[in-house]
Structures are given as structure tokens and as C-alpha cells.
Amino acid sequence: MDPIGILIALVIVGTVTLFSSLRVLFEYQRGVVFRLGKLVAARGPGLIFLMPFGLERMRKMDLRIIALDIAPQDTITKDNVSVTVNAVVYFRVADPTKAVVEIEDYYFATSQLAQTTLRSVIGQSELDELLAERDRINDIVRKIIDSGTDPWGIEVTGVEVKDIGLPPEMKRAMARQAEAERERRAKVISAEGEFQASRRLSQAAKVLEQYPAALQLRFLQTVVEIAAENNSTTLFPLPIDLFKPFAKMVGGGGMTAEAEVDAAASEGEPDAAMALPSGASAMLEGLGVDVETALSALPEGASREEIVAVAKRALGVEADN
């Protein structure tokens, strides 16, 4: 055999063997190498060399975070409410050698452990805790799963409960509860508003008490607001105090009817018990009140109190005031 041909054949075989023994691993990959079935080490990333002719074999492991979707789990809470819960688990391979040697299929095993852990935690919690303290539930599930997968070289980075399914009757009950709570808040806010308004009104009343003219201005403003409405009938109540200046002009001196009768009786007038003083009579006639008709209903010998009562009614004042 030609030595040159043999040399060329050896070079070709050596080159093929060399290239077949080279492996390239990405940054997120590691290679677990076995030599004659015995674990050697985890190599990578970059270019690595394996002994040819099957003396060393390698298994690639991905170190990136994996999102595992947990199927909806039907379970019963601590307060006997049937719910359907699904979640997502985020985990990664922290130790490639353990993930290959310690467990056959770390992905399937992590999925099963997450499902059982989620059902167990939901069964130990009440419905209000699931709805209001979801972050705490997520943290508890993550810690339990992480402690279970740690011997496998798996690190659980997070657990998120995506949805909590409730039966229709429970949804209706919660809707009624929320509606009642909203009504309670509305009543409390309304009562608080009325309380604050009453305090402001009391302060306004004190101001009006110090400045009586302000009450009249407020009355005129109310009249303007009422007049803005069409086809409305407005009644104007007029206080008796507005007529005091007119009583002074006609000689009444600003005295009330009872005071004028007392003044006439004290002067010894014989007819004081059956007639009003001239000042009060002129004021009543100016207002369009028939004095004789008002007094004709009294019997003879009527007392002073009865005459005063008639005078008050003629002036538009209640008899018991």
C-alpha cells in the first residue's frame, strides 16, 4: 500500500473525528458531559471538545426561565366555597447536573408539584384571603414549590395566580354585598354633608342676626330665583315689623295694639274697653281693615283681653302671641 495514500486517509479520518468532537454552546446553554456513563462536569458556554468514538457524551440544558401554565384546578376553600384556580409558575435550571442526574423529567415533575401545592394552599385559605391577599398566596405557593424542587437543581422565581373562578350564586351574593356597601358609604357621605351644611347654616344665622338687612337681601335674592320659573305663583310673606314706620307716621308712636289699649285705659277713657286708640285705628284703616266690623262682633262689656285679641287678629298677629 502506498504510504502517501495511507497518510492522506489518516489525515482525513483525523479531521472528521476532530470536527465531530467539537460542540458549540450558547450563553444560555450548558452541557452535562458523561464519560463512559460517568458524570464528568457541566461545560460551556462556547466551544467544547468531547472525546471521540463515543467515549464522552453530552446533554444540553437550557438555563433560561420557563413559564409553566398550571391548568385550572377545582378545589374547595377553607370556608367551603367551590372555586376554580389557575396560575403560572416561573422557574429555571440552577444546577444542570442535578437536573439531569436527580430527576428524569424536571419539567413534568415541576408541573405536578405546582398543581398539588396550589390545591393544598387554596384549601387552607378562605375566599376573602384569596381575593384580597393574592400576593401573600403567591409567595406561599412559590416558597413551597421552590423547597420541593431545590434537590432537583430547579429554582422557582415566581408564582402568579391568574384567575379565580366563582360559582354564579356566589357572584350574585358578592354583587349584593358590594351594592350594600356602596349604599352605606353614600348614606354616610350624605349625612356628613348635611352635618357640615348645618354648621355653615348656623354660622350664617349668626351673621343674619347681627345684620337684619342681610335677611331682606336674601329674601329678595330668593324672589329673583323663583321669578326665573315660568307659570309660577309666588306668595310674599311680609313681617309686621315692616309697618312700624307707617304706624309712627299716623301717630301710633310705634306701639302695639295691646300697649295702645293699656294706655287708653290708664288715662281713664270710659270707652277704652270697646274701642282702639286713634293711632292704631288709622293704621288699620290704612291697611284696608274695617275696624267697626271687627269690633262689632264683641258683646257688650267685653274685657280688655278680648279687645286686644280682636286687635291682634285685625293686624294679622296670632292671638296667643
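None of the figures in this text is laboratory data; all of them are computed from the coordinates on show. Here the structure is a predicted model, which means the values were calculated and not measured. A quick note on method: Cβ atoms are made from the backbone with ideal geometry, for glycine too, and the neighbour counts reach across all protein chains shown.
Taking Cα centroids, how far is the range 93-155 from the range 14-56 in Å?
Cα centroid of the range 93-155 versus Cα centroid of the range 14-56: 33 Å apart.
What distance in nm separates the simple spin-label points at residue 41 and residue 186, each placed 7 Å from Cα in the Cβ direction?
Spacing of the two 7 Å Cα→Cβ label points: 7.3 nm.
Residue by residue, what Karplus-based ³J(HN,Hα) values in Hz, rounded to whole numbers, does the range 5-19 have, using 6.51, -1.76 and 1.60 with θ = phi - 60° and x for Gly and Pro?
So the J values, rounded to whole Hz, are x, 5, 4, 5, 5, 5, 5, 5, 4, x, 5, 5, 5, 5, 5.
Under 5 Å between amide hydrogens, which residues at least 5 positions from residue 126 or on another chain qualify, with H placed 1.01 Å from N in the peptide plane?
Close amide H contacts, sequence-distant or interchain: 78.
Describe numerically, in nm with one decimal, the distance between label points set 7 Å from Cα along Cα→Cβ at residue 12 and at residue 108.
4.5 nm
Testing the spin-label approximation: label points 7 Å from Cα along Cα→Cβ at residue 178 and residue 150. State their distance in nm.
Placing both labels 7 Å along Cα→Cβ, they lie 4.0 nm apart.
Please work out how much length the chain gains when fully extended from residue 211 to residue 28, using 0.36 nm per residue of separation minus the C-alpha to C-alpha distance, in nm with one decimal.
Length gained, residue 211 through residue 28: 57.3 nm.
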